[in-house]
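Structure record follows, encoded as C-alpha coordinates.
The values are calculated or read from the model by the stated rules, or taken from the named source; none is laboratory data. All values derive from a computational prediction rather than experimental measurement. So basically every Cβ, Gly included, is an ideal-geometry build from the backbone, and we count neighbours across all protein chains shown. Just the protein is used for accessible areas: all its heavy atoms, side chains included, with ligands, DNA and RNA removed. Shrake-Rupley method; radii C 1.70, N 1.55, O 1.52, S 1.80 Å.
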Amino acid sequence: MTDPKPDSDKSVDQLFEEWREEESHVDLSDLRWSDGIVFAIFWALFAIVFLQFYTRYVLNDSLGWTEEIARYLLIGVTFVGAVTAMRKGSHIAVEALLVFLPARPRHWLLVVIDGIVACFCGFLAWYAFQLGRRAPGMIMSIDVPKKYIYWAVAAALLAMTIHAALRFWRRLSRREPDAPHGAAVD
(Lines give C-alpha, C1' and ligand atoms only; values in the text may rest on other atoms or scores of the structure.)
Protein backbone atom coordinates (compact mmCIF):
# COMPACT_ATOMS: atom_id res chain seq x y z
CA MET A 1 0.00 0.00 0.00
CA THR A 2 1.57 3.23 -1.14
CA ASP A 3 0.72 6.58 0.35
CA PRO A 4 0.35 9.39 -2.21
CA LYS A 5 1.77 11.93 0.27
CA PRO A 6 5.42 12.93 -0.18
CA ASP A 7 7.90 11.35 2.23
CA SER A 8 8.32 14.60 4.14
CA ASP A 9 4.62 14.50 5.19
CA LYS A 10 4.75 10.94 6.50
CA SER A 11 5.17 10.14 10.14
CA VAL A 12 7.95 7.93 11.38
CA ASP A 13 5.40 5.22 12.22
CA GLN A 14 4.08 5.26 8.65
CA LEU A 15 7.61 5.01 7.27
CA PHE A 16 8.42 2.03 9.51
CA GLU A 17 5.17 0.33 8.54
CA GLU A 18 6.01 0.73 4.83
CA TRP A 19 9.51 -0.60 5.50
CA ARG A 20 8.09 -3.66 7.30
CA GLU A 21 5.75 -4.36 4.39
CA GLU A 22 8.59 -4.12 1.86
CA GLU A 23 10.86 -6.35 3.95
CA SER A 24 8.17 -9.01 4.50
CA HIS A 25 8.31 -10.02 0.81
CA VAL A 26 11.53 -11.44 -0.60
CA ASP A 27 11.65 -11.06 -4.37
CA LEU A 28 13.97 -13.51 -6.09
CA SER A 29 12.83 -12.70 -9.62
CA ASP A 30 15.81 -10.44 -10.32
CA LEU A 31 18.54 -13.01 -9.70
CA ARG A 32 21.13 -13.25 -12.46
CA TRP A 33 23.72 -15.87 -13.42
CA SER A 34 26.41 -13.80 -11.71
CA ASP A 35 24.58 -14.16 -8.40
CA GLY A 36 25.24 -17.90 -8.65
CA ILE A 37 28.94 -17.23 -8.07
CA VAL A 38 28.32 -15.91 -4.57
CA PHE A 39 26.04 -18.88 -3.81
CA ALA A 40 28.76 -21.31 -4.95
CA ILE A 41 31.39 -19.56 -2.81
CA PHE A 42 29.00 -19.56 0.15
CA TRP A 43 28.31 -23.29 -0.10
CA ALA A 44 32.04 -24.01 -0.48
CA LEU A 45 32.60 -21.95 2.67
CA PHE A 46 29.86 -23.89 4.44
CA ALA A 47 31.42 -27.22 3.43
CA ILE A 48 34.92 -26.16 4.55
CA VAL A 49 33.69 -24.85 7.92
CA PHE A 50 31.65 -28.02 8.44
CA LEU A 51 34.72 -30.12 7.60
CA GLN A 52 36.77 -28.06 10.03
CA PHE A 53 34.18 -28.53 12.78
CA TYR A 54 33.83 -32.26 12.09
CA THR A 55 37.56 -32.98 12.07
CA ARG A 56 38.25 -30.85 15.14
CA TYR A 57 35.38 -31.86 17.43
CA VAL A 58 34.31 -35.29 16.16
CA LEU A 59 37.57 -36.83 14.94
CA ASN A 60 39.70 -34.80 17.39
CA ASP A 61 42.27 -34.32 14.61
CA SER A 62 41.82 -30.95 12.89
CA LEU A 63 42.80 -30.35 9.29
CA GLY A 64 45.17 -27.39 9.29
CA TRP A 65 44.26 -25.95 5.90
CA THR A 66 40.54 -25.49 6.55
CA GLU A 67 40.86 -22.33 8.65
CA GLU A 68 42.89 -20.39 6.09
CA ILE A 69 40.76 -21.49 3.14
CA ALA A 70 37.60 -20.56 5.08
CA ARG A 71 39.07 -17.09 5.67
CA TYR A 72 39.68 -16.55 1.96
CA LEU A 73 36.25 -17.90 1.04
CA LEU A 74 34.69 -15.47 3.53
CA ILE A 75 36.51 -12.64 1.77
CA GLY A 76 35.08 -13.94 -1.51
CA VAL A 77 31.52 -14.12 -0.16
CA THR A 78 31.84 -10.58 1.17
CA PHE A 79 33.11 -8.93 -1.99
CA VAL A 80 31.26 -11.00 -4.59
CA GLY A 81 28.07 -10.60 -2.53
CA ALA A 82 28.69 -6.86 -2.47
CA VAL A 83 28.53 -6.89 -6.29
CA THR A 84 24.99 -8.28 -6.10
CA ALA A 85 24.05 -5.73 -3.46
CA MET A 86 25.47 -2.90 -5.60
CA ARG A 87 23.57 -4.13 -8.66
CA LYS A 88 20.31 -4.26 -6.72
CA GLY A 89 20.98 -1.01 -4.85
CA SER A 90 20.52 -2.76 -1.53
CA HIS A 91 23.63 -1.72 0.34
CA ILE A 92 22.80 -0.34 3.75
CA ALA A 93 22.30 3.42 3.79
CA VAL A 94 21.37 6.13 6.23
CA GLU A 95 18.38 7.87 4.66
CA ALA A 96 17.20 9.98 7.58
CA LEU A 97 17.82 13.21 5.66
CA LEU A 98 16.67 11.94 2.27
CA VAL A 99 13.11 11.08 3.30
CA PHE A 100 12.49 14.66 4.44
CA LEU A 101 14.04 16.47 1.45
CA PRO A 102 11.91 17.83 -1.39
CA ALA A 103 12.15 15.92 -4.67
CA ARG A 104 14.62 18.15 -6.55
CA PRO A 105 17.30 18.45 -3.81
CA ARG A 106 16.89 14.73 -3.04
CA HIS A 107 17.53 13.86 -6.69
CA TRP A 108 20.71 15.93 -6.92
CA LEU A 109 21.98 14.69 -3.56
CA LEU A 110 21.49 11.11 -4.78
CA VAL A 111 23.32 11.95 -8.03
CA VAL A 112 26.28 13.27 -6.02
CA ILE A 113 26.23 10.25 -3.70
CA ASP A 114 26.13 7.83 -6.65
CA GLY A 115 29.06 9.64 -8.26
CA ILE A 116 31.10 9.50 -5.05
CA VAL A 117 30.33 5.78 -4.62
CA ALA A 118 31.39 5.02 -8.21
CA CYS A 119 34.66 6.94 -7.81
CA PHE A 120 35.38 5.35 -4.43
CA CYS A 121 34.77 1.81 -5.72
CA GLY A 122 36.94 2.55 -8.74
CA PHE A 123 39.77 3.78 -6.53
CA LEU A 124 39.49 0.67 -4.33
CA ALA A 125 39.56 -1.59 -7.41
CA TRP A 126 42.70 0.10 -8.69
CA TYR A 127 44.33 -0.09 -5.25
CA ALA A 128 43.44 -3.79 -4.80
CA PHE A 129 44.94 -4.54 -8.21
CA GLN A 130 48.14 -2.71 -7.23
CA LEU A 131 48.28 -4.66 -3.96
CA GLY A 132 47.93 -7.87 -5.96
CA ARG A 133 50.86 -6.89 -8.17
CA ARG A 134 53.03 -6.40 -5.09
CA ALA A 135 51.69 -9.24 -2.93
CA PRO A 136 54.55 -11.46 -1.83
CA GLY A 137 54.38 -15.15 -1.15
CA MET A 138 51.98 -17.98 -1.37
CA ILE A 139 48.93 -19.03 0.55
CA MET A 140 50.33 -21.12 3.40
CA SER A 141 48.09 -24.17 3.16
CA ILE A 142 47.90 -24.55 -0.61
CA ASP A 143 50.42 -23.69 -3.28
CA VAL A 144 48.65 -20.64 -4.77
CA PRO A 145 50.04 -17.08 -4.92
CA LYS A 146 48.32 -14.57 -2.60
CA LYS A 147 48.05 -12.11 -5.47
CA TYR A 148 45.05 -14.07 -6.79
CA ILE A 149 43.09 -13.20 -3.64
CA TYR A 150 43.79 -9.49 -4.15
CA TRP A 151 42.92 -9.72 -7.83
CA ALA A 152 39.63 -11.47 -7.05
CA VAL A 153 38.79 -8.60 -4.68
CA ALA A 154 39.86 -6.10 -7.37
CA ALA A 155 37.58 -7.82 -9.92
CA ALA A 156 34.64 -7.66 -7.50
CA LEU A 157 35.37 -3.99 -6.80
CA LEU A 158 35.56 -3.32 -10.55
CA ALA A 159 32.14 -4.94 -11.00
CA MET A 160 30.83 -2.79 -8.14
CA THR A 161 32.31 0.28 -9.87
CA ILE A 162 30.51 -0.61 -13.10
CA HIS A 163 27.17 -1.04 -11.32
CA ALA A 164 27.65 2.18 -9.36
CA ALA A 165 28.60 4.10 -12.52
CA LEU A 166 25.54 2.72 -14.33
CA ARG A 167 23.31 3.79 -11.44
CA PHE A 168 24.96 7.25 -11.49
CA TRP A 169 24.32 7.59 -15.24
CA ARG A 170 20.72 6.34 -14.96
CA ARG A 171 19.99 8.71 -12.09
CA LEU A 172 21.65 11.62 -13.87
CA SER A 173 19.49 11.00 -16.93
CA ARG A 174 16.44 10.55 -14.64
CA ARG A 175 15.89 6.90 -15.57
CA GLU A 176 16.60 5.76 -11.98
CA PRO A 177 13.89 6.44 -9.37
CA ASP A 178 14.87 8.62 -6.44
CA ALA A 179 13.46 6.09 -4.00
CA PRO A 180 15.38 3.75 -1.73
CA HIS A 181 16.11 0.38 -3.34
CA GLY A 182 16.61 -1.89 -0.38
CA ALA A 183 17.81 -2.00 3.17
CA ALA A 184 17.94 1.32 4.93
CA VAL A 185 18.76 2.39 8.45
CA ASP A 186 16.90 5.53 9.41
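Solvent-accessible area per residue in the chain equals 67 Å², computed with a 1.4 angstrom probe and all protein chains kept.
Our note on the geometry: Cα centres of the stretch 74-108 and the stretch 120-139, 24 Å apart. Applying 0.36 nm per residue to the separation of Leu166 and Ile116 and subtracting their alpha-carbon distance, the gain on full extension is 16.7 nm.
Under 5 Å between amide hydrogens, built in the peptide plane, is the criterion, and for Met138 it picks out Lys146 among residues at least 5 positions away or on other chains. The simple Förster model, with R0 at 35 Å and r as the Cβ-Cβ distance, assigns Gln130 and Ala47 a FRET efficiency of 0.60. Subtracting the Cα-Cα distance of Leu109 and Ala40 from 0.36 nm times their residue separation leaves 21.2 nm of extension gain. For the peptides 149-156, 62-69, the ranking by packing is 149-156, 62-69, with the highest mean count of neighbouring Cβ atoms within 10 Å listed first. Between Asp30 and Ile92, full extension at 0.36 nm per residue minus the direct alpha carbon distance yields a gain of 20.5 nm.
What's the carbon and sulfur percent of the stretch 1-147's accessible surface, probe 1.4 angstrom, rounded to a whole number? Result for the stretch 1-147: 68 percent of the exposed heavy-atom area is carbon or sulfur. Of the listed values (i) 24, 21, 16; (ii) 33, 21, 16; (iii) 39, 22, 12, identify the label whose number matches semi-axes √(5λ) of the Cα gyration tensor in Å calculated from this model. Read-out from the structure maps to (iii). Look at the alpha carbon pairs under 8 Å that are at least 6 residues apart: their mean separation over the length of the stretch 115-186 gives a relative contact order of 35 percent.
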